[in-house]
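A short write-up of the structure that comes next.
The values are calculated or read from the model by the stated rules, or taken from the named source; none is laboratory data. None of the values given here were measured: they were computed from a predicted structure. Quick reminder, even Gly has a Cβ in these numbers, built from the backbone with ideal geometry, and neighbours come from all protein chains shown.
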């Protein structure tokens, strides 16, 4: 597994992006309506605008994303180790992903780009 994304949702993307711009000493690599992305080597900080989720959609929740070669196989290995998933692997517009939660409440995405 490789950490590829730190995702943050905000009601004020510009303010959050400005904070990271000052913290990192660089402008966002990509910025558009309701989003900003800072590339840090193989990992990105992805700032999204918060939104009310539609029925059955993933909620806009801060999370960490780990990339794997085969999300289905990786999830099965994690299930075999005793971990429980909130959302089993499914295809999204960005790729195939699944979601589980760490004991402290942090949402974890397992993704296959």
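Determine, yes or no, whether residue 14 is in a helix (DSSP H, G or I) and not assigned by TED's automatic domain parsing to the domain that holds residue 113.
Taking the combined requirement at face value, the residue satisfies it.
Filter region 2-29 down to the residues that are within 20 Å of residue 97 (Cβ to Cβ) and out of contact with any helix residue (DSSP H, G or I) (no Cβ under 7 Å at 6 or more places or on another chain) and list them by number.
Residues satisfying the conditions are 2, 3, 4, 5, 6, 7, 9.
Considering each residue of region 43-99, count those that are in contact with a strand residue (DSSP E or B) (Cβ under 8 Å, 6 or more places away or on another chain), outside any strand (DSSP E or B) and more than 29 Å from residue 19 (Cβ to Cβ), and give that number.
Looking only at that region, the number is 11.
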